[in-house]
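The values are calculated or read from the model by the stated rules, or taken from the named source; none is laboratory data. The shown structure was predicted, so the numbers you read here are calculated from the model rather than taken from an experiment. For neighbour counting, all protein chains shown are included, and Cβ atoms are generated from backbone atoms with ideal geometry for every residue, glycine included.
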Amino acid sequence: MEPGLKLHLSGFSEQNMFTGYGSGYVVVNKTRHEQSLIVLPDRIIENWEATTFEQLTAEHFDFLLSLQPEMVLFGTGATLRFPHPSLTKTLITSKIGVEVMDTNAVCRTYNILTAEGRRVAAALLI
């Protein structure tokens with residue numbers, strides 16, 4: 001079993017931050033999540049309907065647009081996989097940045113960008 005990583009933060013207690021992650025889970029504000037979710041600085045959407053990479057549709061990414069992020073960090077699980085450009089087209093044409101990473105990298109990047117005051121959405125496949 002892969003050991004999890006614990007992230008320790010200071011400040012920004014009112015914002016959602018990743019405080020750990022491991023194989024098959026992430027921890028946001030010390031609460032463990034084992035299903036796909038979307039994390040924003042001020043909101044958590046649990047049980048995101050996108051549960052596997054193969055099931056992704058444009059509608060999953062269109063929903064992210066309604067959250068009004070300036071950037072979307074898309075975590076593809078343990079393995080980096082790039083969604084077809086047709087799935088993220090609405091975000092791109094709306095001038096919302098989309099970065100694709102493995103889920104652990106999204107957790108680290110999200111914390112940095114959120115600490116800088118950016119409105120970032122972390123959309124994670126768990």
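If a residue has to be on the phi < 0 side of the Ramachandran plot, assigned to a loop (DSSP other than H, G, I, E, B), surrounded by fewer than 20 Cβ atoms within 10 Å (Cβ to Cβ) and not charged (D, E, K, R) to count, how many in region 20-47 make the cut?
Qualifying residue count, region 20-47: 2.
Tell me, yes or no, whether region 96-115 has at least one residue that is farther than 20 Å from residue 16 by Cα and in a loop (DSSP other than H, G, I, E, B).
yes
Looking for whichever is modelled with pLDDT of 95 or more and farther than 21 Å from residue 117 by Cβ here; the options are 79, 31, 51. Which one fits?
So the residue among 79, 31, 51 that is modelled with pLDDT of 95 or more and farther than 21 Å from residue 117 by Cβ is 31.
Within region 65-93, can you find the residues that are β-branched (Val, Ile, Thr), part of a loop (DSSP other than H, G, I, E, B) and surrounded by fewer than 12 Cβ atoms within 10 Å (Cβ to Cβ)?
Residue satisfying the conditions is 79 alone.
Could you please let me know if residue 106 is under 17 Å from residue 37 (Cβ atoms) and either of a type in the set (A, V, I, L, M, F, W, C) or touching a helix residue (DSSP H, G or I) at 6+ places or on another chain (Cβ under 9 Å) (or both)? So that I can check it myself, show each step before the final result.
Working: under 17 Å from residue 37 (Cβ atoms): yes; either of a type in the set (A, V, I, L, M, F, W, C) or touching a helix residue (DSSP H, G or I) at 6+ places or on another chain (Cβ under 9 Å) (or both): yes.
Taking the combined requirement at face value, the residue satisfies it.
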